[in-house]
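**Q** First, the structure itself, so that you have it in front of you.
Any read-out appearing in this document is the output of simple, stated calculations on the displayed coordinates, not a laboratory observation. Predicted model only: the values in this text are computed from it and were never measured. Because the Cβ atoms are built from the backbone with ideal geometry, glycine has one as well, and the counts that use them run over all protein chains shown.
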Amino acid sequence: MTNEPSQPESRPSLPERKPWPMWPIVVAIIGFMAFYTWVQFSFRKLEQPYLPSEAMKDRTRAAELKNLYGWYILPSERISGEMPRWELSTFSRSVRELPLEEELPSQVVYYLPSKPILIPGLSISGTDAFYVPSQPLHLALQLPSEYANHPDLYLTTLYKENQLLILPELRVETEPSGIAENVGSYRETVYFSMETGPLANPSIDVKLYNATSIYQWQIHTNSVPPAESN
């Protein structure tokens with residue numbers, strides 16, 4: 001037998017493939033871009049460009065709001081025992097006819113987080129007629145024992161220029177039920193001291209608010225004699 005070289009079998013050629021159409025890819029890209037743009041404008045917060053001058057104004061505005069538009073909160077605390085010797089100031093009392101939010105300056109009303117729960121049956125026993133900025137100002141109050149012994153009794157004190165506002169209050173969301181109805185005839189004297197650092201005027205008008213009345217008097221620096229009471 002003769003060995004003849006084997007010839008590769010001829011195979012039919014594959015049909016020529018057509019390239020993928022481009023229009024689905026273009027449609028997909030356009031659709032994705034449209035969806036991405038919609039998401040960005042719908043959910044992303046657009047930040048304003050940083051403007052140094054506007055930022056400074058905003059910081060100044062925030063400082064004014066924090067300082068109650070020029071009003072200062074004077075820290076105060078309740079002190080135990082009897083008061084040191086003081087020069088008592090004379091004061092007047094008037095019935096408060098308007099709601100508290102109409103009696104107080106509008107800036108103070110806007111700043112206070114809630115309407116103060118003022119103390120009924122509260123009166124003044126005495127107060128300093130003179131003040132020294134480096135020394136505390138003293139105040140003695142008489143009030144029903146149910147309020148005098150309440151753990152949330154505080155003195156809110158606000159000062160601006162020649163005005164000093166004092167709000168003896170219960171710092172609670174709502175007045176405890178039954179306390180007003182159960183107030184007895186027994187009264188106690190409570191003593192407070194207030195810081196006087198920002199006080200600068202030679203004569204300052206003071207107003208103290210209770211649930212139904214307003215007490216008014218003046219305090220002076222040591223170099224100015226007290227004015228005559230009306």
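**Q** Please arrange T127, T90, T37 by counting, for each residue, the other beta carbons lying within 10 Å of its beta carbon, fewest first.
**A** Lowest count first: T37, T90, T127.
**Q** Note the full-extension length gain between I29 and R171 as 0.36 nm times their separation in residues minus their Cα-Cα distance, in nm to one decimal. Intermediate values should be presented prior to the final figure.
**A** Working: separation 142, 0.36 × 142 = 51.12 nm, distance 6.20 nm.
This chain segment gains 44.9 nm when fully extended.
**Q** To check you understand DSSP bridge types, tell me what percent of the beta bridges within segment 70-221 (both residues inside) are antiparallel, rounded to 5. Let's see the in-between values first.
**A** Values: 41 of 47 bridges.
Percentage antiparallel, nearest 5: 85.
**Q** Once R0 is set to 30 Å, what does the formula 1/(1 + (r/R0)^6) return for the Cβ-Cβ distance between E188 and V132, expressed as a FRET efficiency to the nearest 0.05?
**A** For E188 and V132, the calculated efficiency is 0.60.
**Q** Taking other Cβ within 10 Å of each residue's Cβ, how do E169, E175 sort, fewest first?
**A** Numbers: E169 22, E175 12.
Final ranking by Cβ density, sparse to dense: E175, E169.
**Q** Compute the length gained on full extension between E161 and Q40: take 0.36 nm times their separation in residues and subtract their Cα-Cα distance, giving the result in nm to one decimal.
**A** That works out to 38.5 nm of additional length.
**Q** Which far-off residues, 5 or more places away or on another chain, put their amide H under 5 Å from the one on I79, with H placed in the peptide plane?
**A** Y191, F192, S193
**Q** Assuming a ≥ b ≥ c are the square roots of the Cα gyration tensor eigenvalues, decide whether segment 70-221 counts as rounded (a/c under 1.5), prolate (otherwise, with a/b larger than b/c) or oblate.
**A** The shape class here is oblate.
**Q** A further question on this structure: Could you give each residue of segment 20-25 its phi-based ³J(HN,Hα) in whole Hz, using Karplus coefficients 6.51, -1.76, 1.60 with θ = phi - 60°, and x for Gly or Pro?
**A** Karplus-based 3J(HN,Hα) across segment 20-25 equals 4, x, 8, 5, x, 5 Hz.
**Q** I would also like to ask the following. Between R96 and S203, what length comes free when the chain is fully extended (0.36 nm per residue of separation minus the Cα-Cα distance, one decimal in nm)? Kindly include the intermediate steps, with their values, before the conclusion.
**A** Details: separation 107, 0.36 × 107 = 38.52 nm, distance 2.39 nm.
Taking 0.36 nm per residue and subtracting the Cα distance, the gain is 36.1 nm.
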